[in-house]
1. Among the residues of the stretch B:85-119, count how many are surrounded by 14 or more Cβ atoms within 10 Å (Cβ to Cβ) and over 23 Å from B:Arg139 (Cβ atoms).
2. Modelled with pLDDT of 95 or more and either under 18 Å from A:Gly78 (Cβ atoms) or hydroxyl-bearing (Ser, Thr, Tyr) (or both): does that describe A:Leu121?
3. Quick one: which residue in A:Ala31, A:Ala64, A:Ala16 is among the hydrophobic types (A, V, I, L, M, F, W, C) and surrounded by fewer than 16 Cβ atoms within 10 Å (Cβ to Cβ)?
4. Give me a count of the residues in the stretch B:147-161 that are surrounded by fewer than 22 Cβ atoms within 10 Å (Cβ to Cβ), outside any helix (DSSP H, G or I) and at the interface with chain A (Cβ under 7 Å from one of its Cβ atoms).
5. Restricting attention to the stretch B:162-184, which residues are surrounded by 19 or more Cβ atoms within 10 Å (Cβ to Cβ), β-branched (Val, Ile, Thr) and at the interface with chain A (Cβ under 9 Å from one of its Cβ atoms)?
6. Residue under question is B:Asn204, and the condition is that it be part of a loop (DSSP other than H, G, I, E, B) and either surrounded by 20 or more Cβ atoms within 10 Å (Cβ to Cβ) or within 14 Å of chain A (Cβ to nearest Cβ) (or both); does it hold?
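The values are calculated or read from the model by the stated rules, or taken from the named source; none is laboratory data. Quick caveat: nothing in here was measured; it's all calculated off a predicted structure. Glycine gets a Cβ as well: all are built from the backbone with ideal geometry, and neighbour counts include every protein chain shown.
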Amino acid sequence: MIELSQVSKRFGDETAVDDINLKVAKGKFCALVGTSGCGKSTTLRMINRLIERSSGDIILDGQALEAYDPVKLRRRIGYVIQSTGLFPHWTVARNIGLVPRLLKWSADDIQARVDELMALLGLPIEEFAHKYPHQLSGGQAQRVGVARALAADPDILLMDEPFGALDPITRIKLQDELASLQSRLHKTVVFVTHDMDEALKLADHLVVMRDGRIVQQGTPLALLQHPKDLFVESLLGGLERGLKQAALTRVKDHMSSLGPTLPSQYRISADFSLRQALSMMLRDHTDRLAVVDQHDVPIGELSLRKIVKEAQLEKGSMREA
Amino acid sequence: MKHSDQHADRRLWIRSLLWGLLLVVCVMGIAHAEGLFRWLEPDARQVIYQRAQFYELLGRHLLVVGVAALVTILLGVGAGIAVTRKKGRDFLPLVAQLSSLGQTFPPVAVLALAVPVLGFGTLPIIMALMLYGLLPIVRNTLAGLHAVDEDIKMASRAMGMTPLQTLYQVELPLAAPVILAGIRTSVTINIATAALGATVGASNLGDPIIAGIINGNMAYVVQGALIIALLALTIDSLFEGLQGRLRQRLSSSQRLS
């Protein structure tokens with residue numbers, strides 16, 4: 001658990017981070033989003049004390065940050081940056097084993113851990129263990145960067161635009177892998193990005209920053225439904241917001257029970273997103289889909305009219321409240 | 001790629017071996033080549049420098065250059081490291097200026113100034129060589145350390161390396177090729193410069209040259225100069241081999257990316 005209260009950072013006269021309050025619960029994925037220079041990276045670096053804050057308190061697992069020795073603190077916090085920061089004169093295996101070696105693990109333990117991580121991140125050992133960073137593609141290098149950050153099994157993972165330099169296809173692939181990794185490992189993650197889609201896709205808790213301040217924070221769905229101002233709304237994609245919101249909800253949360261007849265010849269899996277369902281309706285010129293489980297057995301139906309009506313009801317209830 | 005690298009590496013070592021062999025042949029063989037030098041100086045009483053054996057002169061020459069190099073490397077690399085640390089950063093301009101000042105002083109002038117203080121012999125020449133050889137080492141140490149990517153340094157800090165660990169495991173290995181190039185320049189220049197020591201009573205390969213100039217005996221001059229040149233070539237090619245090996249070990253990031 002990470003807790004920042006009234007944290008500020010000033011560089012000379014300039015205030016980079018201004019009175020930030022932020023709580024990241026254990027095992028949660030928190031994304032800091034904002035335009036460049038909004039203080040999100042500075043906020044991240046104050047957590048592992050690469051930058052010392054000017055005022056405010058940061059509490060980590062119930063203890064003030066000052067109670068930790070900075071070097072030891074950093075060894076238990078994973079850190080991933082956009083340019084990977086891999087050591088060019090070390091092999092992939094040695095790069096990954098860095099923190100365990102600093103912690104003086106035995107050679108066998110380090111070897112075993114490196115093998116485990118390379119398998120976890122889809123880097124075949126025979127092919128990659130002895131390569132040097134310059135022999136890797138951008139996506140492979142960033143996988144090594146993530147493996148290095150996870151090596152000593154830290155509870156906390158700080159990621160500073162880790163996928164920012166990758167091509168769109170590789171970026172999406174790594175996002176998916178990170179999401180599935182996180183669903184198994186349950187690290188406490190603080191993730192900095194300027195890509196809102198990336199943040200919406202990965203985050204449990206979304207923090208929008210501007211000029212060193214937090215403009216709004218909450219779950220991605222909450223922000224999509226009630227953006228606080230025009231800035232948040234434009235970051236969230238303006239008119240596209242409806243679709244982004246649909247991307248965050250599952251088909252199964254909107255389906256109604258199955259009638260006596262199959263509603264449509266078109267089928268969609270219950271685990272797909274509502275956005276995918278809407279796209280399918282547009283493509284196949286239908287306003288009803290049959291919802292199936294993983295064995296392709298129909299379990300319900302999805303109707304466009306009903307989805308729209310639900311949204312209206314929700315809006316109405318909001319007005320009343 | 002790797003294979004051809006090793007090939008080139010081996011060629012470098014063979015080259016320095018050949019220069020070294022030639023050096024040994026000359027040092028041992030000059031005494032027996034009277035005929036050859038007689039042709040150069042037909043009228044001289046002696047054509048082979050006799051006051052000391054050439055291998056003794058070579059040994060003393062190497063000792064002077066070696067001691068000067070060792071001290072210079074320790075001082076130069078040490079100063080370069082010190083002023084790139086957080087605490088020493090204020091001294092960066094001072095060290096850079098002092099080391100370039102050292103090279104603007106002609107070694108002869110340093111000798112002239114040093115003799116009254118240190119007396120005749122090897123000390124003044126070691127002093128002169130140190131001052132003269134400091135600049136390339138300091139300059140290259142600074143350049144090499146500055147060239148290490150900021151993100152790599154930050155990553156090493158963020159992973160929990162202490163400043164010393166970052167220095168020894170990251171910064172110095174990455175800067176090593178550039179630093180070594182500086183040491184190579186410094187040592188190679190000083191092999192030639194050390195001959196000046198003969199003027200202040202430091203007996204080395206400069207002796208035959210000075211004696212030859214004083215007595216108008218070209219044969220002596222050629223003997224001293226030949227051995228010094230071969231020594232410089234041998235040492236220089238050894239450094240080249242060392243650099244090649246370093247580059248290979250680093251599998252340098254500059255090659256493919």
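1. Residues that pass the stated criteria total 6.
2. Criteria not met by A:Leu121.
3. Answer to the selection: A:Ala64.
4. The total comes to 0.
5. Selection gives B:Val170 alone.
6. yes
Yes or no, residue by residue, for (1) in contact (Cβ under 8 Å) with a residue 40 or more places away in the chain; (2) among the hydrophobic types (A, V, I, L, M, F, W, C); (3) at positive phi:
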residue: B:Pro163; (1), (2), (3): yes, no, no
residue: B:Gln169; (1), (2), (3): no, no, no
residue: B:Leu174; (1), (2), (3): yes, yes, no
residue: B:Ile179; (1), (2), (3): yes, yes, no
residue: B:Thr185; (1), (2), (3): yes, no, no
residue: B:Thr193; (1), (2), (3): yes, no, no
residue: B:Val200; (1), (2), (3): yes, yes, no
residue: B:Ser203; (1), (2), (3): yes, no, no
